[in-house]
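**Q** Sharing a structure, written as structure tokens. Questions coming.
The values are calculated or read from the model by the stated rules, or taken from the named source; none is laboratory data. The structure displayed is predicted, hence computed values, not measured ones. All Cβ positions, even for glycine, are placed from backbone atoms using ideal geometry, and neighbour counts span all protein chains on display.
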Amino acid sequence: MSFAENLRDRVADQTPDSVTPFEEVVARARRRRRRQVSAVVAATGAVAAIAIVVPALTGGGAPHQVTGSGQTSEPTTSTTPTTDSTPGTPTSVPTSTDGPTGEMPNLVLQLEDREVALRAWTACWGNGCVDGFPPPDLAQVGSPDQVIAWSPEADMRWSVTFVETGVKDKCARSISYSAKPYDGHHVLLEPAGPAGSYRVDVFGRAPSGGDVVYSFGWTTPTAGRAPKPAAGIAAVLADHDGKLDSYGVELSISDLATQPASAEATITVTSSTGESVQFVPRGPGACTDAGNLFFTLRDGSAATRIGPGPFTYSVDLVLDGTHYTGTGRYPDDVQKGNEPSVRLTWDPPLPSYTVK
């Protein structure tokens, strides 16, 4: 068995089952900013009183309903070849990172003939968060069977998302999977989806909790990984330093077989005493990622006033007229690493995308 095959087996054995797709990284950044804003508002309360009008909630009857309204950094490259004896599978530190790694680490792609240093375009790192967009002129790696990436930050948790490029007259699809460093700093990136041209978004999370997002272009020569079955997560309630809080309402659906022509959702949160409240988050709008849906509502604080937990989430998702029910419990089913999102179990199962 070759070194590359051994490496693939090692990575497959250690790859985590859960994945943090791009939408959840960005959503987590939003929730962190909301949490920071909440802390500032709480501190300001000692100086200025803030009046908030809240509709009354009643227990045991119909649930109250809350409705919703509908600088990029350029990557740099180095022509210095890697010195590893097995091209394409280096274990050595890059010869050049083409820029400071410091507080915002670069991700270095170690190709057979050169190194490509990528700068993060979205991040929550240190004490701040920065949102951006993928560079318009992506660094291209060609058509290798695999890509090895190196990070100066050790033991990062990695998720990789392949986004179709050059797609006309339809919404592009993305496929995500989890990847794991094989020596602490190097991570193996493999193709996903049908062979073709992709923007590859690489999302890293440090042991300390910092998040970074990088992108590059890759024309994959063969079909790769398929996504996991279609799934969904919901966020309403949160633990704010031991106190029940909410950073907003979010519902994320991923890897549907097709993009629905219509989609709507209602989220019901029920306390242990039976009191409940409903939220109707804003729908996904125009398709930006085929098979993925994202619903949001800014204020979910009404759920903090319906009694004690644990809380049951019930999601009525309607796709092209067909109802799917997703259920989960907070905090029992919180997705580790993506708090406060709760995993949902669906009945019937959501229709899933397959790679052909």
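**Q** Residue check: is Tyr247 in contact with a Lys or Arg (Cβ under 8 Å, 6 or more places away or on another chain), of a type outside the set (Gly, Ala, Ser) and not assigned by TED's automatic domain parsing to the domain that holds Val167?
**A** yes
**Q** Another question, then. Of everything in the stretch 180-204, what is at pLDDT below 90 and not charged (D, E, K, R)? Give them in sequence order.
**A** Pro181, Tyr182, Gly184
**Q** Now a separate question. Among residues belonging to the stretch 178-221 that are among the aliphatic types (A, V, I, L, M) and farther than 17 Å from Thr122 by Cα, point out the one that is surrounded by the fewest Cβ atoms within 10 Å (Cβ to Cβ).
**A** Ala195
**Q** Residues of the stretch 164-177 being buried (at least 23 other Cβ atoms within 10 Å of the Cβ) and either at positive phi or β-branched (Val, Ile, Thr) (or both), which ones?
**A** Ile175
**Q** Determine which single condition Ala286 fails, assuming it passes every other condition in (1) crowded, with 18+ Cβ neighbours inside 10 Å; (2) at pLDDT below 95.
**A** Condition not satisfied by Ala286: (1).
**Q** If I filter the stretch 304-356 down to residues being in contact with a Pro (Cβ under 9 Å, 6 or more places away or on another chain), within 25 Å of Cys287 (Cα to Cα) and buried (at least 18 other Cβ atoms within 10 Å of the Cβ), which single residue comes out as modelled with the lowest pLDDT?
**A** Tyr353
**Q** For the stretch 104-143, what are the residues that are surrounded by 14 or more Cβ atoms within 10 Å (Cβ to Cβ), out of contact with any Pro (no Cβ under 8 Å at 6 or more places or on another chain), more than 12 Å from His186 (Cα to Cα) and at pLDDT 90 or above?
**A** Those that are surrounded by 14 or more Cβ atoms within 10 Å (Cβ to Cβ), out of contact with any Pro (no Cβ under 8 Å at 6 or more places or on another chain), more than 12 Å from His186 (Cα to Cα) and at pLDDT 90 or above: Thr122, Ala123, Cys124, Gly132, Pro134, Gln140, Val141.
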